[in-house]
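Read-outs: derived from the displayed coordinates by stated rules, not from any lab. The shown structure was predicted, so the numbers you read here are calculated from the model rather than taken from an experiment. Here the Cβ positions follow ideal geometry from the backbone for every residue, glycine too, while neighbour counts run over all protein chains shown.
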Ligand code: XIL
């Protein structure tokens, strides 16, 4: 608009204006041809009735005399159309209506929440979860230590087939079924949160217990996977859409073959380095055909780990038994760099497997307003990266899950001074929430 204004009012007036209104006119000093960029260039009237929409003449006029009866001396600088930029980030999710994250991202990936049974059954949190998430992960309730029933297993009297109980996760699966939320089954084979007795002859929990043989452990593994899948898939059909078949098997430097975790993995120690392949073989055998099988791990952006994971998953992919890689993504405020993180997603994306961000949180340990905004920026940049990778076809990211609902309930919050998530303890949104929604009020840099 400014160049046209110059044509009409002539150079003298313009120079007068330059003296008076320096900022608005500095961009016009390069010529009369009307092509000069101005600070307001690119700002388009948004309503059909605005000047730009009514043709050049009207537009020129409107450009000079926005408002009535103004001459050149009193013309105010053209103002940008008003755009509301959010400044209040702390909105009560209980009292106010807030946008839904899963609705916002529905054309890209599902948005998941890891939650514990106790939190889920809290009315307010349950409602919020229904509104915000379309994928759920049990924080602990579907792990082997929650499902394995030692007494019943011992009484059953067979060395090769454990007995399971599902009271820990029944209500959570039912919640998902009732509310059309899909679940990530987390997790079948893991060195952690699996009781030691499960690896021992006679399911012994004594100090002098000895490992069961490889053959016995392979049968226990197969039966465990079969029993979990059979129960979940017949009792809650269609609810679980993905299984973390093996969690955290890679730990370069720990002594295992090809970068595998060894020192604290009873799976590795009893079965050997092919336990991961075996787990995927059994999982494929018993999973519903539409269920996706994932290898899940943390610090996947560390280069040695990334290389070892790629080697492992490519081997299992050749066997036809894996569909995706889960990147846990428990990250810090500055580490890993987004460059390293993105590079890993790209590398994983090249396998053609699905990528899921399975356990996202940002370990912020300060609570100043400034740092909350910075955390919002980091969340926004992460989602910006995910979006870009999907848009360009670099990675098939199908889910992003945050590991917890409120800062207070985060697994990181043992010292009560961690602020890693999207909601605070009174269920107000944090800047991080608005970052996930790519809100204009959260800076991208
Ligand atoms: C965590 C739970 O959130 C905690 O409550 C529990 O004490 C330990 O495990 N990687 C995983 C998750 O795959 O299962 C872990 O969950 C966090 C790290």
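Give me log10 I(q)/I(0) at q = 0.08, 0.21 Å⁻¹ for the range 133-291, Debye formula, one equal scatterer per alpha-carbon, no solvent. With one equal scatterer per Cα and no solvent, log10 I(q)/I(0) is -0.23, -1.40.
What the Cα convex hull of the range 135-202 gives, in volume per residue, is 85 Å³. Evaluated on the range 114-173, the Kirkwood hydrodynamic radius is 13.0 Å, with distances taken between all distinct Cα atoms.
The share of C-alpha pairs in the range 214-359 whose separation exceeds 19 Å stands at 53 percent. Here the translational diffusion coefficient of the range 285-331 follows from Stokes-Einstein with Rh set to the Kirkwood radius across Cα pairs; for 4 °C and 1.567 mPa s it amounts to 112 µm²/s. Applying D = kT/(6 pi eta Rh) to the range 157-237, where Rh is the Kirkwood radius over alpha-carbon pairs, T corresponds to 25 °C and eta to 0.890 mPa s, the Stokes-Einstein value obtained is 172 µm²/s. All C-alpha to C-alpha distances of the range 204-281, sorted into 5 Å bins beginning at zero, yield P(r) values of 3, 13, 20, 20, 17, 14, 8, 4, 1 percent in whole numbers. For the peptides 181-191, 340-350, residues were scored by their other Cβ atoms within 10 Å and the scores averaged per peptide; the highest-first order is 181-191, 340-350.
Shape class for the range 241-302, computed from the alpha carbon gyration tensor (a ≥ b ≥ c): oblate, with a/c not under 1.5 and a/b at or below b/c.
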